Amino acid sequence: MLVLLCGAQFADTLPVSAAWTDRGGDVLPGDSIAFDFERKTLVLRDPLSDRQVIVPTRHLSLRSRQQLLLSPLFHRGDHGDREDPLWSRVKRRLRIPALGIQTLGIPAAAFFLGFWLAGWFFTGRIHPFLALTGFVGSWTVLLIFATSYAFLELRLDGGPKVILLGIIVATGVTPLLLSAVYNCTYLRAQGVLISHLIAGLFLLGAGLLAAERIAGITATEAWWDRNVFEPAGLIGPDPATPRPGS
């Protein structure tokens, strides 16, 4: 949730890569200019001929769909959503619970393991209950700050500067909670907070790559489509899969 909030707020400041590929691995020519949330298509424009090509997102490679999930095109779209800070009616269908406990549990487990290892390294305390208390408490505080400053950014139209201020305040206040949980100094608690994010991302990336190697690209793509891309609204339902009751 925190990642999607940050992605939505900083979407206008992030670059959009042109390295889009299809399922066969071929590079799609042109620069991406728009994503149609209703039709589930990506619009590419050739800078030389100014010709536009519309590509269904289901035809994109796994890496390109993952890239689109974090892209400004997906978060802002081309329907004038900036006039509606809460996104368009279609985009409101994006709900974190729709991704499923299994999908959300994978990053949560990776970041918790990273938090446990970071707490052990910086404080010498290995008890998992302390790690669980600190992990849940710190992420609760971070989410509260993320939601509050995202609301302020929408109300004040302060841009990324407001969100950046929120990040600074959150990372400054959260270690106070961790220092109380671990009974350690503020600097050690800060080390736990920052390093567990790095460790969590590393463990999550390594785990996803290992799972892809073990399960194979076909099974991996099917899992991402079913558990992430379809619930998030990035691709439509598979036409080859009949709907229940049809």
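FYI, it's all coordinate maths here, none of it is from the lab. Note that the structure is predicted; figures quoted are calculated from it, not measured. Positions of Cβ are backbone-derived with ideal geometry, glycine not excepted, and every protein chain shown enters the neighbour counts.
Worth a mention:
- Among E38, E230, the order by Cβ neighbours within 10 angstrom, fewest to most, reads E38, E230.
- Förster radius 30 Å - calculated FRET efficiency between T171 and H127 (Cβ-Cβ, nearest 0.05): 0.75
- Site pair L70 and L201 shows an inter-label distance of 0.8 nm when each label is modelled 7 Å from Cα along Cα→Cβ.
- DSSP-assigned coil residues among trypsin sites (Lys or Arg not before Pro) in region 20-58, each with at most 12 further Cβ atoms within 10 Å: R39, R51
- q = 0.12, 0.22 Å⁻¹: log10 I(q)/I(0) that the Debye formula gives for region 100-232, counting C-alpha atoms only: -0.59, -1.17
- Full extension of the chain between A211 and L48 gives 54.7 nm of extra length, using 0.36 nm per residue less the Cα-Cα distance.
- Kirkwood Rh (inverse of mean 1/r, distinct Cα pairs), region 165-206, angstrom: 10.8 Å
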